[in-house]
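Participant: Could you have a look at this structure, given as structure tokens, before my questions?
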Amino acid sequence: MVSNGTERLLTVALGGFASAAVAVALFVVYPQTLTDLFGVLFAIAAVLVGLRFTSNIAGSLYPSYDVAEVAVEGPISRDGGGGPLPTSPGATPADDVVDQIDRADEDDSVDALLLKLNTPGGEVVPSDDIRLAAERFDGPTVAYATDVCASGGYWIASGCDELWAREGSIVGSIGVIGSRVNASDLAEKVGLSYERFAAGEYKDAGTALKEMDEDEREYLQGIIDDYYDTFVERVSDGRDLEPEFIRDTEARIYLGEQAHELELVDHLGTRREIEAELADRLETDEVVVEEFEPERPLMARVGAGAQKVAYAFGAGIAGLGDGRGFRLRS
């Protein structure tokens, strides 16, 4: 039986020969004039375009990969909007990540999912959407923490079959944070005052330009507590850990080695060791990993890449001074 790799190579070779033959027939026969010489250049271009075209076709017809890799990098949000800090890059667009996982699940060549996590966390519901997509995947799912797998990142990992990390990875922060900027004193100093026009007692709870009373504080803390209960439940079910143990971590972060000792991480290892483990599980000599990326225009990818030069480090980082009042993050 001929392998996909051999079929792919044959397809590319045949496409290259066909492109070269057409190019020679059109441009290179008897190159005696300047026009003929320009024809040579067009012939070379035609061959390159033909090779690229047939390579793409071969890749679609005879894929050589069997593992899909999807990355969650940077703070997690719904649409990838920038964070509140001036130096914050665009966040991970949860909808894009879900789409990548679903495409991998629908790809007949993909037998396993490798979910690479390097995130300090982010918004609660988008994090849960990614976790649900990982749970839906039909096949082995391995989460791999590189530098940071905290808060919302750990929420996502709880939807995978197992979690790997490096000894120096930062893991944990199983908690939820809400924050607001109290600008009431500053507003008073500059001569600003807050006038309320709202229907519903708690409609403007957390507004930055007014002092928060105890009822509002209790109301907002109740929302945080409810999200935290959900977080503990997700981790307890997905990681098979006791809820009380999870609460006892008090949202601490741990280095990979300690996280492994506490069973917050299943295995410590490198990317190569993960691939070897997946090969054993899929009963093959080695796996070929294909990185699934968002389906977006080239210029949009370039812009997104430029934003990822650096991002503010921190597990459960709070929103600062964005003027939108109360903010909630996992």
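Participant: Those residues that are out of contact with any Asp or Glu (no Cβ under 9 Å at 6 or more places or on another chain), surrounded by fewer than 24 Cβ atoms within 10 Å (Cβ to Cβ) and in a loop (DSSP other than H, G, I, E, B), I need them from the stretch 120-155; list them, please.
Facilitator: Correct list: Glu123 only.
Participant: Which residues, taken from the stretch 94-127, are touching a Ser or Thr at 6+ places or on another chain (Cβ under 8 Å) and either charged (D, E, K, R) or under 13 Å from Glu73 (Cα atoms) (or both)?
Facilitator: Answer for the stretch 94-127, where residues must be touching a Ser or Thr at 6+ places or on another chain (Cβ under 8 Å) and either charged (D, E, K, R) or under 13 Å from Glu73 (Cα atoms) (or both): Ala94, Leu115, Lys116, Leu117, Asn118, Thr119, Pro120, Gly121, Gly122, Glu123, Ser127.
Participant: Now, a different point. How many residues are under 17 Å from Tyr228 (Cα atoms) and either free of Cβ contacts under 8 Å to residues at least 24 places away in the same chain or not assigned by TED's automatic domain parsing to the domain that holds Asp102 (or both) when one looks only at the stretch 115-173?
Facilitator: 0
Participant: Report the residue count in the stretch 210-260 for those that are within 26 Å of Glu135 (Cβ to Cβ), assigned to a helix (DSSP H, G or I) and not charged (D, E, K, R).
Facilitator: Total satisfying the criteria: 16.
Participant: Do the conditions hold for Thr230, that is, is it of a type in the set (Val, Ile, Thr) and not assigned by TED's automatic domain parsing to the domain that holds Leu114?
Facilitator: Working: of a type in the set (Val, Ile, Thr): yes; not assigned by TED's automatic domain parsing to the domain that holds Leu114: yes.
It is true that Thr230 is of a type in the set (Val, Ile, Thr) and not assigned by TED's automatic domain parsing to the domain that holds Leu114.
Participant: Could I ask something else about it? Tally up the residues in the stretch 262-288 that are touching a Leu at 6+ places or on another chain (Cβ under 6 Å) and not acidic (Asp, Glu), please. It would help to see each step written out before you state the result.
Facilitator: Our first condition is that a residue be touching a Leu at 6+ places or on another chain (Cβ under 6 Å); within the stretch 262-288, this holds for 265-266, 287.
Add one more test, that the residue is not acidic (Asp, Glu), and what stays is 265, 287.
Of the residues in the stretch 262-288, 2 are touching a Leu at 6+ places or on another chain (Cβ under 6 Å) and not acidic (Asp, Glu).
The values are calculated or read from the model by the stated rules, or taken from the named source; none is laboratory data. Everything quoted here is computed from the prediction, not taken from an experiment. Note that we place each Cβ from the backbone using ideal geometry, even for glycine, and neighbour counts take in every protein chain shown.
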